[in-house]
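Here is the structure we will look at, set down as structure tokens.
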Amino acid sequence: MTARESLEESLLAALAWQIELGADEAILDAPQDRFAAPAPAESRAPVPPVAPATRGTPAVPRGHAGAAAATPDARPASPRDAPEGAAAAIAAAAGTLEELAEAMRRFEGSDLRLGAKNLVFADGRPGARVMVIGEAPGAEEDRLGRPFVGRAGQLLDRMLAAIGLSREAPDPGEAAYITNVLPWRPPGNRTPSSAEAALFLPFLVRHIELAAPDFILALGNTPVQALTATATGITRMRGRWQRHAATGCPILPSFHPAYLLRSPEKKRESWRDLLALRAALDGAPVAPE
Ligand code: URA
């Protein structure tokens, strides 16, 4: 095999690996001829690039001195050997949302980060009475580093607006704070596995503790099953208030907006859930099962 053939083979293998990880779009405007100008050894940064923090989400730039200094450094030597234990310890050590975001960015216990462009931590107003929890970032969310910005996110914004809530509202009573079970996009937008959801659960629980919402709106199977430790599907769970065991926060399970886009006839039930959330915000008693 000539040197060129060998280079060709390793470039093709690298390309196949990226496709395997879920790469589905080019990031440069023009193709780069790697035969003509072999790039200097360029290693992927250990920490993925920082999402632009917007609309009330705490900014956590890479290398941000304050966040770095405050970041809990008490990580086990190798989170890869015992990622669940490492996740719990790292999450518990985060004292602020910024520290939590930075800890999640650095967490090496999952390879999902290797295939993602940006950490998708949260959007909206920390301190909002309502915390919305979805599944995992999709392609748009991954590109922009913000949850729920694609078609499903636009529907979510309209659903929230229908009950007087928005990500941008300065008043915590009218605001929503939005996150996902997974902070990294799964390759090819696949549904997160239960093992992935379980691995990131300690981060989500700490996120809930730090954001301290009055109510959680859990969208779809992934957050409902992760937060209530049940295998019951969303069709049976929706509209039935639950209590989050670790924080005591009431959870309202409802359909995921991506599902509503595929099954618009389900919007009627979703609307009932939204009205129940509105009523709870207005003081109606909730009786979690
Ligand atoms: N679906 C989700 O569950 N979360 C997002 O952020 C986007 C789509």
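Coordinate-derived values only; no laboratory data. Computed from a predicted structure; not experimentally measured. Positions of Cβ are backbone-derived with ideal geometry, glycine not excepted, and every protein chain shown enters the neighbour counts.
Over region 83-281, what relative contact order in percent results from Cα pairs under 8 Å that are six or more residues apart? Can you show the working numbers first?
Numbers: 370 pairs, mean separation 46.5, N = 199.
Relative contact order comes out at 23 percent.
Computed on the Cα trace of region 203-248, the radius of gyration divided by the Kirkwood hydrodynamic radius gives Rg/Rh = 0.94. For the pair region 220-236 and region 147-207, the centres of their Cα atoms are 15 angstrom apart.
So for each of 91-99, 178-186, 262-270, 166-174 I average, over its residues, the number of other beta carbons within 10 Å; can you give me the resulting order with the highest mean first?
Values: 91-99: 19.1, 178-186: 26.0, 262-270: 12.9, 166-174: 15.3.
The densest-packed peptide leads the list: 178-186, 91-99, 166-174, 262-270.
Working note: Karplus 6.51/-1.76/1.60 with θ = phi - 60° gives region 241-252 the couplings 4, 10, 10, 6, 4, 6, 10, x, 6, x, 10, 10 Hz, where Gly and Pro are set to x. Annotation: amide H of residue 132 within the under-5 Å range of 177, 178, 179, 217, sequence separation 5 or more or interchain, hydrogens built in the peptide plane.
Can you tell me what percent of all Cα-Cα pairs in region 177-253 are more than 14 Å apart?
When every Cα pair of region 177-253 is considered, 58 percent fall beyond 14 Å.
So between residue 84 and residue 235, what do we pick up on full extension, going 0.36 nm a residue minus the alpha carbon distance? Each step should come with its number before you reach the end.
Details: separation 151, 0.36 × 151 = 54.36 nm, distance 2.93 nm.
Value of the extension gain: 51.4 nm.
Computed about the Cα centre, the dipole magnitude for region 83-281 is approximately 680 debye when only Lys and Arg (+1) and Asp and Glu (-1) carry charge, each at its Cβ.
Converting phi to 3J(HN,Hα) with the Karplus coefficients 6.51, -1.76 and 1.60 and the offset θ = phi - 60°, region 203-213 yields 5, 5, 4, 5, 4, 5, 4, 6, 7, 6, x Hz in sequence order, with x at every glycine or proline. Note that region 114-128 has calculated 3J(HN,Hα) couplings of 5, x, 9, 8, 9, 5, 10, 8, 5, 8, x, 9, x, x, 4 Hz, one per residue in order, obtained from phi through the Karplus relation 6.51 cos²θ - 1.76 cosθ + 1.60 (θ = phi - 60°); glycine and proline are x.
Can you tell me the length gained on complete extension of the stretch residue 162 to residue 289, counting 0.36 nm per residue apart and subtracting the Cα distance? Mind showing how you got there, number by number?
Details: separation 127, 0.36 × 127 = 45.72 nm, distance 2.63 nm.
Taking residue 162 through residue 289 to full extension adds about 43.1 nm, to one decimal.
If only the Cβ of Lys and Arg carry +1 and only the Cβ of Asp and Glu carry -1, the dipole of region 71-175 around its Cα centre is close to 180 debye.
For region 83-281, would you read off the P(r) tail past 30 Å as a percentage of all alpha carbon pairs? When every Cα pair of region 83-281 is considered, 12 percent fall beyond 30 Å.
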